[in-house]
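K.L.:
Encoded as structure tokens, here's the structure I'll be asking about.
Readers should treat all values here as calculations from the given coordinates under stated rules, not as data from a laboratory. Bear in mind the structure is a predicted one, so any value in this text is a computation, not a measurement. Heads up, the Cβs are rebuilt from the backbone with ideal geometry, glycines too, and the neighbour counts pull from every protein chain shown.
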Amino acid sequence: MLHDLFNTSVQHALDLVGIFVFAISGALLAVRKNFDVFGIAVFAEVTALGGGLFRDIVIGAVPPAAFTDLGYFITPLIAAALVFFLHPEVERIQAGVNVFDAAGLGLFCVTGTTKAYDYGLGLTASAVMGLATAVGGGVLRDVLANETPSLVRWDRDLYAVPAVVGATMVALFIRFDLLSTTTGCVAALTCFVLRLLALRFHWRASRAWNRRSSAVSTDE
Amino acid sequence: MLHDLFNTSVQHALDLVGIFVFAISGALLAVRKNFDVFGIAVFAEVTALGGGLFRDIVIGAVPPAAFTDLGYFITPLIAAALVFFLHPEVERIQAGVNVFDAAGLGLFCVTGTTKAYDYGLGLTASAVMGLATAVGGGVLRDVLANETPSLVRWDRDLYAVPAVVGATMVALFIRFDLLSTTTGCVAALTCFVLRLLALRFHWRASRAWNRRSSAVSTDE
Amino acid sequence: MLHDLFNTSVQHALDLVGIFVFAISGALLAVRKNFDVFGIAVFAEVTALGGGLFRDIVIGAVPPAAFTDLGYFITPLIAAALVFFLHPEVERIQAGVNVFDAAGLGLFCVTGTTKAYDYGLGLTASAVMGLATAVGGGVLRDVLANETPSLVRWDRDLYAVPAVVGATMVALFIRFDLLSTTTGCVAALTCFVLRLLALRFHWRASRAWNRRSSAVSTDE
């Protein structure tokens, strides 16, 4: 299987790390929105597992990994418990959370792309699935919190573009038969570093050409 | 089949009751939000069938029951028509709606858990699916209505916890080979009674530890 | 295959036209909401492909057509690029966009219904799927943009009803064995013309009976 790109136990450990840090970000949003302890757990689960769940449903890998691996389910609960008791401390280490979140982004765009390719999708579709895996949980988190997804807001540092780059690199590696543990790590690292640079230098994407006003019109 | 836990025709009748009362709650929200008659029908359908639809897609039971049983589709339309013509009366009997809604919650968490187990999920995953079946329609209703899901709001009486208890009881009954019509009813009743007690005594879940302010911050 | 109702290459071309115009409407909303260039692309994709993606997941046609046909993926990107550079011009031709959007609505409700029937759904369920295919992308667009779906707002011209009529016609044609390229086109045209008439004469659906106040209550 192609998505056994990394040593299985290494990949599983990395998956759990990615799930854990995404869960932290979901739980923190729930605390900020003043949700109760159950809401914190729900947001941890949804943010951590939403992207992979969407990918597995689309590619037909049902029941999804999120429901067949108990570790995937329990890890977000641990993150939720940590945030529940320690949230002022967790917010203080937001910079650290950002680093882990960037690591999760890099990892998920690589594993998402390879798993989709394994299930028979084309290279472009696989890269899109890799992107969806990496950013899907965050979008679901924002939709449930009744907020505009930070993914598409122009006033947020680049988040999706690093994942696009990482997923595209993996697709190209597959295309030219170069995918290995090493090149997979290179793609994940590229995404990771790009995201950190975007945070550090506040890289942002352009809005529409000739956008003169920053006023948001909600009329149609 | 394990999920033929109850006599088939009894279970079907109970399913339709659960669907009907969930549809009432969706239609009432649509009236409150000032949606048109089509919106009322959409909200009745989505609230009643959303949880089961999500469950069936995740466990791979496609096409979902919502699309193969005509009664499942027509029942919410009847609820929508009732609300359309009689909504002041329906709101007046909100207490009655709450009782039926609690009954639906109890029933759906039991049937959701058993159906998921039937499709090969583990016990924990099955209980999670039972919970998702019971609360999924309400979450979808709130997301479509552009509101924060009442599921996660700390200022609402406990809703998910009774479903968690009911689904967990079913999983434990399966684990110890004790699941029968009787024990299934006990689990549904436990969920039902817990929900009514939560409504009666305004049981609420705790927010995060040391949460000092009730102000909601939307900054990130 | 029944859904090869039209000549395959003709249907594919019509599909791409429908996808293109739906993508334009998604991209324009993203510009209005002040999203960045990535957000514009995401909204173009989601609006154009969301309805078909939902249909394919529900009927078990995975991986969905949106991920197996590269043209389906690239067309929205072209629409997004056009809107990015030319959005004042595109808004000026909003009337033209509305006409194309109505054409997409008519086409998608026909192809959605026939594809669902092909995958074994009953006639009523197939018509519902046809409706969901036609309006699903727009609903997803509005949910992601954190707006109340215009589908259910009483102050918008009829949008779903024309699609309901078109999908029902197709189901009846199938029932009486009358479905052909000609009758399929008649159904699509009926939906198309009804939508244009609704826009021209501001047809709107009724709100709930005896709705006395236009105030929106968000209490529960």
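K.L.:
Considering every pair of different Cα atoms, what Kirkwood radius, in Å, is found for segment A:19-128?
P.N.:
Values: mean 1/r = 0.0690 Å⁻¹.
Value: 14.5 Å, from the Cα pair sum.
K.L.:
In 5 Å bins starting at 0, how do the alpha-carbon pair distances of segment A:4-63 split up by percent?
P.N.:
4, 19, 19, 19, 20, 10, 6, 2, 0
K.L.:
I'd like the Kirkwood hydrodynamic radius of segment C:8-201, using the inverse of the mean 1/r over distinct C-alpha pairs, in Å.
P.N.:
16.5
K.L.:
Could I ask something else about it? Using 7 Å Cα-to-Cβ label points, what is the residue B:204/residue C:146 separation (nm, one decimal)?
P.N.:
It is 2.4 nm.
K.L.:
Top mean-square fluctuation among C:163, C:23, C:95, Gaussian network model of chain C, C-alpha springs under 10 Å?
P.N.:
The residue that fluctuates most here is C:95.
K.L.:
Sort out for me the Cα centre separation of segment A:166-183 from segment C:143-212, rounded to whole Å.
P.N.:
46
K.L.:
Using a 10 Å cut-off on Cβ to Cβ distances, tally the other chain neighbours for every residue of A:67-75 and report the average as a whole number.
P.N.:
Per-residue shielding by partner chains comes out at 3.
K.L.:
What are the nm distances, shortest first, from residue A:193 to its equivalents in the other copies, labels at 7 Å along Cα→Cβ?
P.N.:
6.3, 6.3
K.L.:
Same structure, new question: Tell me, what does the Kirkwood hydrodynamic radius of the protein assembly as shown come to in angstroms if you use every pair of distinct C-alpha atoms?
P.N.:
Values: mean 1/r = 0.0395 Å⁻¹.
25.3 Å is the Kirkwood radius here.
K.L.:
Another question, then. Applying the Karplus parametrisation 6.51 cos²θ - 1.76 cosθ + 1.60 with θ = phi - 60° to the phi angles of segment B:143-156, what ³J(HN,Hα) value in whole Hz is obtained for each residue in order, glycine and proline being reported as x?
P.N.:
5, 5, 7, 6, 10, 5, x, 5, 3, 9, 7, 6, 8, 10
K.L.:
Same structure again: With Rg and the Kirkwood Rh both taken from Cα atoms, where does Rg over Rh land for segment C:118-196?
P.N.:
Using only Cα positions, Rg/Rh for segment C:118-196 is 1.03.
K.L.:
Moving to a separate point now. Measuring from label point to label point, each 7 Å out along Cα→Cβ, what is the residue A:78 to residue C:172 span in nm?
P.N.:
6.1
K.L.:
So, one more: Got the residue C:182 label distances to the other copies yet, label 7 Å along Cα→Cβ, in nm, shortest first?
P.N.:
Here residue C:182 shows inter-copy label distances of 6.7, 6.7 nm.
K.L.:
Efficiency by 1/(1 + (r/R0)^6): what FRET value for residue C:181 and residue C:70, r their Cβ-Cβ distance, R0 = 25 Å, to the nearest 0.05?
P.N.:
That gives a FRET efficiency of 0.45.
K.L.:
Skipping prolines and chain starts, which residues have an amide H placed within reach, meaning under 5 Å, of the one on residue B:203, given they are 5 or more residues away or on another chain?
P.N.:
For residue B:203, whose amide H was placed from the backbone, the distant partners under 5 Å are B:158.
K.L.:
How many nm is it between the label spots at residue C:124 and residue B:189, if each spot is 7 Å from the Cα in line with the beta carbon?
P.N.:
3.4
K.L.:
Where the label is 7 Å out from Cα toward Cβ, how close does residue B:147 come to the same position in every other copy, in nm, shortest first?
P.N.:
For residue B:147, the inter-copy label distances come out at 2.1, 2.1 nm.
K.L.:
While we're here: Using R₀ = 41 Å, calculate the FRET efficiency as 1/(1 + (r/R₀)^6) where r is the Cβ-Cβ separation of residue C:9 and residue C:155; round to 0.05.
P.N.:
0.50
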